[in-house]
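Everything below concerns the one structure shown next.
The values are calculated or read from the model by the stated rules, or taken from the named source; none is laboratory data. Bear in mind the structure is a predicted one, so any value in this text is a computation, not a measurement. Here the Cβ positions follow ideal geometry from the backbone for every residue, glycine too, while neighbour counts run over all protein chains shown. These area figures cover heavy atoms from the full protein model, side chains too; ligands, DNA and RNA do not enter into them. Shrake-Rupley method; radii C 1.70, N 1.55, O 1.52, S 1.80 Å.
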Amino acid sequence: MVLDRTAFYPEGGGQPTDRGTLEADGEKHSVVKVMTRGPQIFHYLDGDIPQGAEVHGVIDWERRYGYMRLHSGEHLLTGLFEAAGSGPKVFSSFTQLDFKPSPLDQETLEDVRRRFDEVVDMDVPVRIYYADRDRLDVGDDERKQSFLEKIPAEVERLRMVEIGDHAHTFCMGTHVKRTGEIGRLKSLRLEPKKKRRKIVYFEL
Ligand SMILES: [Zn+2]
């Protein structure tokens, strides 16, 4: 079903769908998936709610907050690796970053690990703001260029996320307010692959 407004985050931008419940006329329904289709946000439920009903939605906050932490950590880690000369990121998830071509070595990995935990301990604010699209410069980062190309031409202002001097990019996802919420790294591991691809596995 489609609501006139919603707090549910639809699957996208590397972040999974919110789950939770919608309650109408005293009856609770599980929200199993939330997706964008065109301009609308669809909530997929385990039952039917009559059209025009007034609903009360509750997000599974524990699940959402976990992904906010992981996703924000992904930004910070990416920013630190790029600043350390990792080369361009070609893939990213909640547990893995791939750089290619990349000169990353074990020593740089240890430096980044220390920096990450320092920035977490400093509890740096995660800032969200909007920027004019035509003033954004992504340099020669092909991944960011291709993301930008996929954003419809009529979108003039982009939502930006900035973590101090450590990470800065455009993103529509959900983030924590401060780096302290991300928490320190549990593990960080480097796996060199063929053709100068370096995979970093991380755990938060
Ligand atoms: Zn983000």
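Holding the Cα-Cα limit at 32 Å, pick out from LYS144/LYS177; LYS33/LYS198; LYS28/LYS144; LYS33/LYS195; LYS150/LYS177; LYS150/LYS193 the pairs that are longer than that. Mind dumping the intermediate values first?
Values: LYS144/LYS177 24 Å; LYS33/LYS198 34 Å; LYS28/LYS144 41 Å; LYS33/LYS195 38 Å; LYS150/LYS177 27 Å; LYS150/LYS193 29 Å.
Going by Cα-Cα distance, LYS33/LYS198; LYS28/LYS144; LYS33/LYS195 fall outside the 32 Å limit.
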Cβ-placed point charges (K, R +1; D, E -1), dipole of the range 141-186 about Cα centre in debye, nearest 20: 340 debye
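Give, to the nearest whole percent, the P(r) tail of the range 91-187 beyond 19 angstrom, counting all Cα pairs.
Working: 2467 of 4656 pairs.
Cα-Cα pairs of the range 91-187 separated by over 19 Å account for 53 percent.
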The chain: most fluctuating residue of SER93, SER146, SER30 per GNM, C-alpha cutoff 10 Å: SER146
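First compute the accessible area of the range 140-204 with a 1.4 Å probe, then give the percent of it belonging to carbon and sulfur atoms.
Details: 2010 of 4180 Å².
Carbon plus sulfur share of accessible area: 48 percent.
Pop out the carbon and sulfur fraction of the accessible area of the range 1-109 as a percent, whole number, probe 1.4 Å.
Working: 2940 of 5890 Å².
Carbon plus sulfur share of accessible area: 50 percent.
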Choice from PRO50, PRO16, PRO88 with maximal GNM fluctuation in the chain (Cα, 10 Å cutoff): PRO50
Ellipticity estimate at 222 nm from DSSP helix runs (n ≥ 4, -39,500 (n - 2.57)) divided over the chain, nearest 500: -8000 deg cm²/dmol
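If you count only protein heavy atoms with a 1.4 Å probe, what accessible area per residue comes out for the chain, rounded to a whole Å²? Can you show the working numbers first?
Numbers: 12070 Å² over 204 residues.
Using a 1.4 Å probe on heavy atoms only, each residue of the chain averages 59 Å².
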Built amide H within the under 5 Å cut-off of VAL90, gap 5+: ASP98, PHE99, LYS100
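How much FRET efficiency would the formula 1/(1 + (r/R0)^6) give for ILE128 and ARG189, where r is the Cβ-Cβ distance and R0 is 22 Å, rounded to 0.05?
On the way: r = 30 Å, r/R0 = 1.38.
Once rounded, the FRET efficiency stands at 0.15.
How big is the charge dipole of the range 44-156 about its Cα centre, in debye rounded to the nearest 20, if each Lys and Arg gets +1 on its Cβ and each Asp and Glu gets -1 on its Cβ?
Numbers: 14 positive and 25 negative charges, 14 e Å.
The dipole magnitude comes to about 60 debye.
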Listed residues HIS56, MET35, GLY14: farthest to the positive end of the dipole of the range 1-116 (Cβ charges): GLY14
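Hey, can you list the DSSP H helices of the chain whose Cα span along the axis is 15 Å or longer and whose average Kyte-Doolittle score is at least -1.0? If you can, show how the numbers build up before the last one.
Details: long enough: 61-83 (33 Å, -0.65); 106-122 (24 Å, -1.04).
Passing helices, by number: 61-83.
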For the chain, the fraction of alpha-carbon pairs in successive 5 Å shells from zero, as %: 1, 7, 14, 16, 16, 15, 12, 9, 5, 3, 1, 0
Given charges at beta-carbon only (K, R positive; D, E negative), |dipole| of the chain in Debye: 740 debye
GLU54 versus GLU110: modelled label distance in nm, points set 7 Å from Cα along the beta carbon direction: 6.3 nm
Cleavage-rule hits, trypsin sites (Lys or Arg not before Pro), the range 1-78, DSSP coil, Cβ neighbours within 10 Å at most 12: ARG5
